[in-house]
1. If you check every pair at least six apart or on different chains, which have Cβ atoms under 8 Å apart with a residue in the stretch 239-258 that is outside any loop (DSSP other than H, G, I, E, B) first and a residue that is among the hydroxyl-bearing types (S, T, Y) and open to solvent by less than 30 Å² (accessible area, probe 1.4 Å) second?
2. Within the stretch 65-122, which residues are acidic (D, E) and surrounded by fewer than 22 Cβ atoms within 10 Å (Cβ to Cβ)?
3. Quick one: L355 ticks every box in (1) within 28 Å of Q105 (Cβ to Cβ); (2) at pLDDT 95 or above; (3) assigned to a loop (DSSP other than H, G, I, E, B) bar one, so which box is it?
4. Listed residues A375, A385; which is touching an Asp or Glu at 6+ places or on another chain (Cβ under 9 Å) and either part of a helix (DSSP H, G or I) or on the phi > 0 side of the Ramachandran plot (or both)?
5. Cβ-Cβ under 9 Å, sequence separation 6+ or interchain: first residue in the stretch 131-155 and without any contact (Cβ under 8 Å) to a residue 40 or more places away in the chain, partner in a helix (DSSP H, G or I) and not hydrophobic (A, V, I, L, M, F, W, C). Which pairs?
6. Considering P29, P42, which residue is farther than 30 Å from G119 by Cβ, open to solvent by 20 Å² or more (accessible area, probe 1.4 Å) and over 22 Å from the mean Cα position of the chain (by Cα)?
7. Does T129 fit the bill of being surrounded by 21 or more Cβ atoms within 10 Å (Cβ to Cβ), touching a Pro at 6+ places or on another chain (Cβ under 8 Å) and hydroxyl-bearing (S, T, Y)?
8. Scan (1) on the phi > 0 side of the Ramachandran plot; (2) under 22 Å from the mean Cα position of the chain (by Cα) for the single condition G271 breaks and write down its number.
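The values are calculated or read from the model by the stated rules, or taken from the named source; none is laboratory data. Keep in mind that this is a model prediction, so the values were computed, not measured. Neighbour counts run over all protein chains shown; Cβ positions are idealised from the backbone, glycine included. Note: accessible area is taken over every heavy atom of the protein model, side chains too, but ligands, DNA and RNA are not part of it. Shrake-Rupley method; radii C 1.70, N 1.55, O 1.52, S 1.80 Å.
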Amino acid sequence: MTDPRPARAEADLLVTGISELVTCAGRGPARGAEQGAAAVVPRGAVAARRGRIVWVGPERDLPASVTALPGATRLDVGGRAVLPGLVDPHTHLVWAGNRADEFEQRLAGATYSEIAARGGGILRTVAATRRADEATLLELALARLDRLAARGATTIEVKSGYGLSTEAELKILRVVREAARRRPYRVVPTFLGAHTFPLEARRSEASRRRYVEEVCEEMLPAVVDEGLARFADVFVDEHAFSLDEAAKVLGRARQLGLAVKVHADQLADDGAARLAADHEAASADHLEHASTEGLRALAAAGTIAVLIPGASLFLRMNRYARAREMIDLGVPVALATDLNPGTCPCESLPLVMQLGCLLCGLTVDEAIVAATRNAAAAAGVGGEAGTIEPGKRCDLLVLDAEHRRDLLYALGSARIHAVVAAGQVVAGRTPEETGGGDPVRA
């Protein structure tokens with residue numbers, strides 16, 4: 001006779017003592033009213049094996065549902081809240097050089113064009129990144145990944161775009177691949193050879209056309225042949241790619257089997273939101289100047305809006321993406337740091353979540369969903385990250401607080417007790433630093 005009782009899950013990691021377990025559970029990206037559904041389990045628990053979640057539920061049900069394997073790790077988080085590991089779906093993490101002096105110039109009144117005319121701007125970073133070898137770029141990238149993870153991000157999308165030649169773009173993406181091998185974080189690579197035009201492509205319309213051709217017929221096939229990227233991205237702006245040029249890149253990328261993204265309507269309404277929708281982009285990012293018609297197109301296409309309020313703040317734009325309108329229209333909203341050396345050198349996704357509330361109009365739970373479930377969907381990894389559900393990676397953010405709202409209430413302070421990536425504790429604090437409780441150890 002068959003035993004009617006369900007099989008007990010076997011676990012090598014048990015996480016207990018949770019005041020509220022914020023699972024953000026759900027299928028696909030959340031939109032509309034569902035954007036604010038954090039799916040909280042009071043006094044919950046999590047069990048995992050080999051870095052994957054095998055059971056989630058109230059802690060009172062844990063003994064009857066899970067068998068701890070010999071030598072299993074037990075983490076009692078001491079009455080703290082636990083969220084999914086955060087997901088950063090837009091970073092430009094691999095670069096060399098430093099542009100802190102340009103920040104001072106902007107504070108003194110210099111414009112982006114004036115700084116570029118003096119030899120600054122993105123092409124300055126391109127020159128430094130081209131000169132750097134892979135070992136140097138890898139060391140820099142790993143340090144930035146670790147700092148993002150210390151602030152809660154366990155899945156990080158990383159774009160190229162500071163090479164702007166076939167050789168240099170491939171070098172950057174190889175660094176991304178090696179960085180992913182050396183850390184337990186989930187790293188998602190994106191090709192961004194269509195970030196802007198290199199100096200050598202700005203001499204004439206013919207040289208500009210040749211660069212678009214190089215992106216489409218040399219860079220993209222090489223990236224696909226080496227399996228170096230999951231997405232291709234393009235920056236649409238009067239100083240970068242036109243709509244027609246971007247459409248050529250997006251069309252070629254899709255033809256080669258890559259999913260696509262668009263830097264859209266950051267500095268003006270360029271019609272890029274509509275372009276992203278037309279090409280069924282996974283995400284349209286920035287959108288500070290997107291029209292209502294463009295947002296409606298995104299909603300119809302199911303394209304996720306990745307908002308980057310940190311860049312607007314850092315550039316002192318005084319204009320932020322209209323999150324409330326997006327949610328009302330049914331556009332799924334995500335949040336990202338845009339970590340880069342020129343317009344948003346931000347390594348804290350919790351700070352961006354705070355800005356999403358204060359400057360874009362999100363609620364606490366909408367911001368949490370935006371940086372977990374929806375961000376994972378924008379990065380193409382919604383099936384393995386962004387929520388706390390069986391089968392997903394065991395990526396957890398343990399707050400140094402009993403309630404999830406404290407993550408966003410303490411402006412500029414992440415209030416993080418520990419971070420778990422694929423079942424490994426990658427960041428944590430001692431009892432002296434947190435004011436009591438047991439230290440979290442693997």
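1. Sorted first by the residue in the stretch 239-258, then by its partner, the pairs are F241/T196.
2. So in the stretch 65-122, the residues acidic (D, E) come out as 76, 88, 101-102, 104, 114.
Hits for the stretch 65-122 are D76, D101, E102, E104, E114.
3. (3)
4. Values: A385 fails: either part of a helix (DSSP H, G or I) or on the phi > 0 side of the Ramachandran plot (or both).
From the options A375, A385, the qualifying one is A375.
5. The qualifying pairs are A132/K171; D133/K171.
6. None of the others qualify; the one that does is P42.
7. On the way: surrounded by 21 or more Cβ atoms within 10 Å (Cβ to Cβ): yes; touching a Pro at 6+ places or on another chain (Cβ under 8 Å): no; hydroxyl-bearing (S, T, Y): yes.
So T129 fails the test.
8. (2)
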